[in-house]
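Note sheet for the following structure.
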Amino acid sequence: MIENDPLPYAGRDEALARIHTQRANAPHEPLVVIGRKHIGKTAFLRQVMHTIPKHTIAVLIPLGDISPDDEAHLWVMTSQYILDELNQHGMILPDLPAQDVARMWFMTQFMPMVMKTLRGRELLLLWDDAHHLLNTNLPDDLFEVLHDLCSASIQMIFAFDIRHEDHLSQFMPFITPKHLLRLGNLSHAGCLAILADHQGGVGEDMIRAIYDGSGGLPYIIQQYGYELGAHGDIKAMNNAVYARVSDEFLRIWEERTADEKLVLTAIADLFYDDPLRPITTAHIATWSVNSDYLLDETAINAALRGLLYDEVVILDHHHVRVHGDLFRKWLLENARIVRKPADKRQAVPIGIIIITVIIVAMMVLVILSVFGGATDGGMNIPTITPLS
């Protein structure tokens with residue numbers, strides 16, 4: 001993930017082991033890599049390409065670049081990427097006559113010719129940005145066609161943005177929960193693996209500082225890699241990386257729910273008040289009570305579950321903290337809850353208020369003087385005498 005690095009993909013050993021195990025034991029079944037934006041799904045697919053056995057030809061199909069708007073477009077572009085990869089391996093396919101139905105041509109002519117050309121080698125299709133296959137312009141039975149295509153010799157891996165995870169149930173039994181492989185933030189060892197071969201070397205203290213600053217988010221570790229040669233100390237490098245990734249932090253913030261934003265704001269405020277104090281859900285609840293935004297325990301726990309799932313925060317011995325020093329810095333500077341605009345009421349001029357007060361006071365004085373005079377002056381109160 002570092003510029004000019006011939007093999008810039010590292011830190012996913014467990015996920016790679018899962019890939020290779022399934023390819024060996026159930027090659028006809030697909031695998032689905034899911035993860036958040038900028039978590040390194042495309043980089044992982046490229047890492048797979050670098051680590052597969054020599055008898056396998058891997059083809060990366062970037063559906064985000066293709067953006068297939070109909071089925072014919074999908075099959076034509078897929079065949080082109082396969083042809084390009086075969087050409088790089090010195091394999092040339094003969095010209096095939098086109099057919100009116102692209103699917104029929106792809107399944108009955110193109111793919112049989114590809115497998116014949118491979119001469120016993122395996123073909124691994126890596127579908128990046130696979131949520132484009134959910135396009136409503138594509139046929140409903142598309143995944144059934146892909147299912148029929150899978151075999152011991154033709155294997156598939158799909159990379160989905162986690163925002164589309166709920167839609168995967170539409171493609172059962174081709175894709176089931178057992179086929180899912182979720183990519184999360186890198187561990188300290190993963191960060192070390194990425195930076196280990198950096199020109200000039202990176203000391204353990206620097207790697208620890210980079211990991212703490214990034215929270216293990218591959219995209220941010222990549223930015224540190226770009227800045228390593230330009231800065232001699234971690235503070236200067238943190239400032240440079242922070243400027244690079246502020247827009248990414250804004251995107252992360254904007255994707256959160258209202259309750260999640262409140263919890264993040266609470267964590268940032270509590271950290272600002274006392275950086276050394278561990279933060280618990282009880283502290284967040286107390287902060288909520290003292291603020292204008294009341295969250296009950298259920299809402300706080302639900303928000304924390306979402307933040308933990310996306311690794312925005314981490315839970316360490318029941319203590320909550322933001323995952324990554326740079327993102328915490330961004331929260332301290334930017335986390336604000338937009339208040340609903342108050343009803344605009346027309347202000348009453350102060351002069352009218354004064355006149356009103358004077359008039360009311362005068363009326364009170366008049367009333368008091370009238371009733372006071374009636375009492376002190378001994379006025380005769382008329383009586384009614386019944387007629388005899």
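The values are calculated or read from the model by the stated rules, or taken from the named source; none is laboratory data. For clarity, every value in this text was computed on a predicted model and none was experimentally measured. We place every Cβ from the backbone using ideal geometry, glycine too, and count neighbours over all the protein chains shown.
Residues in the stretch 297-318 that are within 18 Å of Gly215 (Cα to Cα) and in a loop (DSSP other than H, G, I, E, B): Asp310, Glu311, Val312, His317. Each residue in the stretch 157-193 was checked for being under 22 Å from the mean Cα position of the chain (by Cα), surrounded by 16 or more Cβ atoms within 10 Å (Cβ to Cβ) and among the aliphatic types (A, V, I, L, M), and 7 pass.
Could you say which residue among Ile34, Ile57, Ile82 is in contact with an Asp or Glu (Cβ under 9 Å, 6 or more places away or on another chain), surrounded by 19 or more Cβ atoms within 10 Å (Cβ to Cβ) and over 30 Å from Gly216 (Cβ atoms)? One residue alone meets the criteria, Ile57. The set of residues in the stretch 260-295 being among the charged types (D, E, K, R) and under 25 Å from the mean Cα position of the chain (by Cα) consists of Glu260, Lys261, Asp269. In the stretch 94-142, the qualifying residues are those that are touching a Pro at 6+ places or on another chain (Cβ under 8 Å) and charged (D, E, K, R), and the one that is nearest to Ser67 (Cα to Cα) is Asp129. Within the stretch 114-131, the residues that satisfy the criterion of being in contact with a Phe, Trp or Tyr (Cβ under 7 Å, 6 or more places away or on another chain) and either not assigned by TED's automatic domain parsing to the domain that holds Asp84 or not in a strand (DSSP E or B) (or both) are Ala130, His131.
The combined condition, being part of a helix (DSSP H, G or I), in contact (Cβ under 8 Å) with a residue 12 or more places away in the chain, surrounded by 12 or more Cβ atoms within 10 Å (Cβ to Cβ) and of a type in the set (Ser, Thr, Tyr), is not fulfilled by Tyr293.
Return yes or no: is Leu93 surrounded by fewer than 17 Cβ atoms within 10 Å (Cβ to Cβ), without any contact (Cβ under 8 Å) to a residue 40 or more places away in the chain and among the aliphatic types (A, V, I, L, M)? Yes. Counted as qualifying within the stretch 132-237 are the helices (runs of 4 or more DSSP H) with 3 or more residues that are in contact (Cβ under 8 Å) with a residue 60 or more places away in the chain and not assigned by TED's automatic domain parsing to the domain that holds Arg119, namely 188-195, 204-214, 218-227.
Residues of the stretch 142-195 that are farther than 16 Å from Gln47 by Cα and basic (Lys, Arg): Arg163, Lys178. Taking the stretch 121-137 as the range and being within 26 Å of the chain's Cα centre (by Cα), of a type outside the set (A, V, I, L, M) and closer than 18 Å to His28 by Cα as the test, only Trp127 passes. Scanning the stretch 104-156 for residues that are closer than 14 Å to Thr78 by Cβ and of a type in the set (D, E, K, R) yields a total of 2.
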